[in-house]
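Heads up: the structure comes next, in structure tokens.
The values are calculated or read from the model by the stated rules, or taken from the named source; none is laboratory data. A quick note: this is a predicted structure, and the numbers were derived from the prediction, not measured. Here the Cβ positions follow ideal geometry from the backbone for every residue, glycine too, while neighbour counts run over all protein chains shown.
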Amino acid sequence: MRATIAACRGLASTAMAGVLLLGQSTVSLGQSDVPGLFDIPLGIDASIGYLYDDNVTRAPSGPDKLSDQFYSLNASKTFAFPVTDFTRLSLEAFGGGELAVKHSNLGNVFGGIQAAFQYRGSTEFDAPTFSLFARGLGEHFGSDLRSGYRLTAGVSARQPITETLGVFGALARTWRNANNSVFDTHENSALASVDWTIAPYGTLTFTGEYRRGTLVSTGQKTLTIIDIAQAFVNDDVFTSPQMIDYRFEAKSWLTTLDYNLPINATSALDLSWRWVQTTSTEKASFPGGGALKYFDNQFNVVLLVRF
């Protein structure tokens, strides 16, 4: 089982978090499900987590680069509906929230639904599973500017290699609509992951992802920011000193290393590290002007339980 925590700040982490969950939670189609780690009648997955983010402002460097800690509580319920011997419809309802330690208005509550139409051509072990998926997420922040909703749609495939090794890939597009147009963003993403299960010691997963589109950073005004930004507004979280939120075109590389350790039949501990590098696709137009670039690290610890 993987962490269901949704990171609902910059990076648009929810864009692919649900996609990855779709691929990793896929079960065999066309045959009875084998009881899994959390095979409990209610089938409600819950998680409580801690996240340290060393760059919540998504700032290039200096005093604008600020860190924070987040505590999260989430729950989800999945329903599966067989369509044919080789296809099924999967629906997941989810909700939760995050509490920010330093910058309280970055805290949020969210809820949504995820749907996937899945196809597996046979019951053979090495048969791949393909999915068409869509995800809708509504979120409310302490920051009025950031509240709104996100939509994601795409395709994914999962391929078992051996009994302990599997690969997963997905292509997706995400749209965000917020109360302020600066936070109205869109991006395309491509993701690939490899997971290695070492029974009974858990599963190690490495994920690489590429994203291209618009995103939002926060910082004090500079000539480079004003020149490259498509739009900007005074932020309502970082006000001393007053910072601005600015939207720009960018490309990002993300890598995630995740270790999932079963505790017992109904719980597991998930540890992960995500590293992000983002660079603006445009450079400042004035002589000597360069591109915007930032790095971010997120360290996450999540306890997962099924009821």
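Here are a few things to note about the model shown:
- Options 214, 222, 203; residue that is touching a residue at least 40 places away in the same chain (Cβ under 8 Å) and polar (S, T, N, Q): 203
- Screening the candidates 247, 158 for the property of being touching a residue at least 60 places away in the same chain (Cβ under 8 Å) and over 25 Å from residue 131 (Cα atoms) yields one hit, 247.
- Single unsatisfied condition, residue 106 versus (1) touching a residue at least 60 places away in the same chain (Cβ under 8 Å); (2) touching a Gly at 6+ places or on another chain (Cβ under 8 Å); (3) surrounded by fewer than 18 Cβ atoms within 10 Å (Cβ to Cβ): (3)
- Tally of residues being surrounded by 17 or more Cβ atoms within 10 Å (Cβ to Cβ), closer than 30 Å to residue 181 by Cα and of a type outside the set (A, V, I, L, M) across the stretch 112-141: 7
- Within the stretch 126-150, being charged (D, E, K, R), over 21 Å from residue 76 (Cβ atoms) and within 20 Å of the chain's Cα centre (by Cα) holds for one residue alone: 146.
- From the list 90, 28, 67, 13, the lone residue that is at pLDDT below 95, surrounded by fewer than 22 Cβ atoms within 10 Å (Cβ to Cβ) and farther than 23 Å from residue 269 by Cβ is 28.
- Scope the stretch 106-126; condition under 20 Å from residue 170 (Cβ atoms) and out of contact with any Phe, Trp or Tyr (no Cβ under 9 Å at 6 or more places or on another chain); matching residues: 126
- Residue count for the stretch 99-141 satisfying the condition of being in contact with a strand residue (DSSP E or B) (Cβ under 7 Å, 6 or more places away or on another chain) and hydroxyl-bearing (Ser, Thr, Tyr): 3.
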